[in-house]
Structures are given as structure tokens and as C-alpha cells.
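Down below is the structure, laid out as C-alpha cells.
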Amino acid sequence: MVVCAENEQDLLLKAKKTIKKNVQWLKVNGMVCNVSKTEVLYFEKEKTIVLDIDNIKISSTSIMKVLGLQFDSMMSWETQVSNTIAKTTKLLPELKFLRNHLNVNQMKQVTTSYLFSVLFYGSEIWYHKQLAFHLKQKVKSIHYKALRMIFGRNLTREEIDKISGRATPDEWSDFCLGKPLINVVQSGVPRGFFDQIL
């Protein structure tokens, strides 16, 4: 559930109403809200709010994990990128070992499925133009290390860009934004809604 408001008081009121409505819907349909797995994230720096679900108080946290993506209260994606880099760095020695036993095409397949699937998981959401430069550099560094491993030698930046055949992250970000907007237009959603998105 996502709730927005101009001030904290209105936010808490809207959140309480929304929670009550959703919990009631779950009960009517024979389900329950698992409060032990319920989290609250308040998108404001160093601010905590407390919400009540079935008389159980839940305090907001600074980071919330949703389907493997780590949202932080400032939407900086620092934790998401750091965790992704840590996971993919652990995979590099294994790819280095495989490099001695596989040809280039096999290495491409293994690296794409084994490392790039982790490195770029959910990147349509977190890898965008506003992502901090140092975070982009961390992602690019692992990406380039993997490409060098595929080909078994150090490559120039120009070779890597040509081999990877990927658009720049900023171009990718524009594409990811444009794609859903085109879908909105083609689906015949009312013009007012489309204008709000723009």
C-alpha cells in the first residue's frame, strides 16, 4: 500500500483508513494480514512513524525489502547497490575458474545467467539517471570485470562498450520510462490520467 499526503497528520489518517480497509477486505475474503511480515517505510530522512494493525504497533524502518529490492527512506538505492555488488563480487572467482574450461560463447551464456541476472535484477527501478555517480561506477566496474572475464583478457573501454552492445544507463532509463508511457497511451487510459503521469 502506498499513501501520500501533504503533512504527517494527514498521512497517518490516510494510512490508518487504508490499512483498516485492506485488513477488512482480507478478513471478508478468508485471509489474514501477517503482521509479523508487515513493514512500514516512511520516505523522509531520519523520521519514524508508528502504525497500528489489529492492535499491533509497527514502527517504520529506514530500509524495506520488496521482492528482492531494498528501498530506503531517501530512495538513494545505496543499500540495494551495495548488496548487489557484494553478491556479484563473490561470483567472480567462480567465473574465473570456468574461464579455463569454456569457450567465449559458453562464457557469455554462463555470465549472463549467473552474474548479470543478479547485477541487473530490478535495474528498471533502481538504475536511473538520478542514481548517484559513485553507485553507477560500482555497477559499471563489476559489469566490465565480467566482460573481461568472458573474453579472457583486458579490454579497452571502447572494446568493452562495443562488445557489450548495451545502451548507456541513462538511455536505458529513458527507455524504461518511455515504455510504460507508450502502454498507457495505447491502452486507451483517460487523457487526464496520462497528463498526471507526465
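The values are calculated or read from the model by the stated rules, or taken from the named source; none is laboratory data. Everything numeric in this text was worked out from a predicted model, so none of it was measured. Positions of Cβ are backbone-derived with ideal geometry, glycine not excepted, and every protein chain shown enters the neighbour counts.
Quick one: would you say residue 75 is free of Cβ contacts under 8 Å to residues at least 40 places away in the same chain and over 30 Å from residue 130 (Cα atoms)?
no
Would you check which residues across the stretch 18-32 are farther than 16 Å from residue 50 by Cβ and not small (Gly, Ala, Ser) and list them?
Scanning the stretch 18-32 gives 21, 22, 23, 24, 25, 26, 27, 28, 29, 31, 32.
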* Here are 55, 29: which of them is surrounded by fewer than 14 Cβ atoms within 10 Å (Cβ to Cβ), at pLDDT 85 or above, farther than 30 Å from residue 77 by Cβ and not aliphatic (A, V, I, L, M)? -> 29
* Asked: Scanning for something at pLDDT 85 or above and closer than 30 Å to residue 40 by Cβ, does the stretch 139-158 turn up at least one residue?
  -> yes
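For the stretch 117-128, give me each residue that is of a type outside the set (Phe, Trp, Tyr) and either part of a helix (DSSP H, G or I) or out of contact with any strand residue (DSSP E or B) (no Cβ under 6 Å at 6 or more places or on another chain) (or both).
117, 118, 119, 123, 124, 125, 128
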* Name the pairs whose Cβ atoms lie under 8 Å apart, with the first residue in the stretch 1-28 and of a type in the set (S, T, N, Q), the second modelled with pLDDT of 85 or more and not in a helix (DSSP H, G or I), and 6 or more positions between them or separate chains? -> 18/3
* Would you mind stating whether residue 83 is assigned by TED's automatic domain parsing to the domain that holds residue 114, of a type in the set (S, T, N, Q) and within 27 Å of the chain's Cα centre (by Cα)? => yes
